[in-house]
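Q: Supplied in structure tokens, the structure appears directly below.
Each reported figure results from applying straightforward, stated rules to the coordinates on display, with no laboratory input. Predicted, not measured: the structure shown is a model, and the values here were computed from it. Don't worry about glycine lacking a Cβ; one is built from the backbone with ideal geometry, like all the others, and counts go over all protein chains shown.
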Amino acid sequence: MKWCRKQKKIEIESSLEQRSAEKLLEIGAQLRQARQAQALSLEGAEAKTMIQRRVLRAIEAGCREELPEPIYIQSFIKQYANALGLDGAELASKFPREDQQLQFKPSVRIPAAQLRPVHLYLLYLFVVFWAVNALSHTLSRGELQASNLQTKKQLSSTQIKSISAAENTENGKPVRVSVTLKAQSWLRITADGKTEFEGTLPQGTQRSWEAQEELTLRTENAGGVLVQFNQEKAKQIGNPGQMQEVTFAANQRL
């Protein structure tokens, strides 16, 4: 009898894990579509939700193994969905949590004379369950607050610069910016208000972009990017791991 119950519990847990993974994949796809419909990058979503980008990426991709406990996942889904204008509470409730669903009913009736010790045992289980839930809730709030604080510190320490540069008036060339990557870096290039490139480039990459009036370069690893404007000498625009935004415009000098 004990072996049968244990086997059934294993089967139920396996089924719940599979269901959780499938539901996370479905919810992640819905969140990704909502974000892309708003032309919002993962970087923008990170700043908007105060949730680390790797967590947002894992949720959208349905990567269950890269995420924390289910209670945290539900909280992240709710916060992310609300930031995108969706019903966060409803969407988060669709993600099944194993600890909420693993309930087993005894298959054998116990005579009334034997119920007293069972009552004590059930009371003990209830107290333990309540304590675990309270602790999980406390830890969840603590982790979210710590994550928000860390993100705010990163944003407050980020220096967003706007550097104007001179157009080469002698030959009438437009704004031209060339980059050489000393290390792998994420870049976003906007030329005259239009995004020309956004993605991660490997070390050693050399690329150039042009604009008629203004070109903006944004990176998460300023120390790994060398930037050359027109015929000026290439310069490093910040420190390694630092987020930086640099704008090059015509008719002004660097």
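Q: Could you work out the local net charge near Gln228, counting Lys and Arg as +1, Asp and Glu as -1, over the other residues with Cβ closer than 12 Å to its Cβ?
A: Residues close to Gln228 contribute a combined charge of +3.
Q: Taking amide hydrogens as modeled 1.01 Å from N in the peptide plane, which residues meet the under 5 Å criterion relative to Gln236, leaving out close sequence neighbours?
A: The list, which skips near neighbours in sequence, is Val227.
Q: How far is it, in nm, from the label point at Ala61 to the one at Glu198 when both lie 7 Å from their Cα along the line to the Cβ?
A: 1.8
Q: Search the structure for amide H atoms under 5 Å from the amide H of Lys182, placed 1.01 Å from N in the peptide plane, and list their residues when 5 or more places away or on another chain.
A: Gly204, Val225, Leu226
Q: As an exercise, use a Förster radius of 25 Å and the Cβ-Cβ distance of Gln236 and Gln150 to find the FRET efficiency, rounded to the nearest 0.05.
A: 0.45
Q: Enumerate the calculated ³J(HN,Hα) couplings along the range 189-201 in order (Karplus 6.51 cos²θ - 1.76 cosθ + 1.60, θ = phi - 60°), each rounded to whole Hz, writing x wherever the residue is Gly or Pro.
A: 10, 10, 10, 6, x, 10, 6, 8, 7, 8, x, 9, 10
Q: Which semi-axes, in whole Å and largest first, does the equivalent ellipsoid of the range 182-228 have when worked out from the alpha carbon gyration tensor as the square roots of 5 times its eigenvalues?
A: 19, 10, 9
Q: Would you mind computing, in nm to one decimal, how far apart the modelled labels at Glu17 and Glu210 are, each placed 7 Å from Cα along Cα→Cβ?
A: Output for this residue pair reads 5.7 nm.
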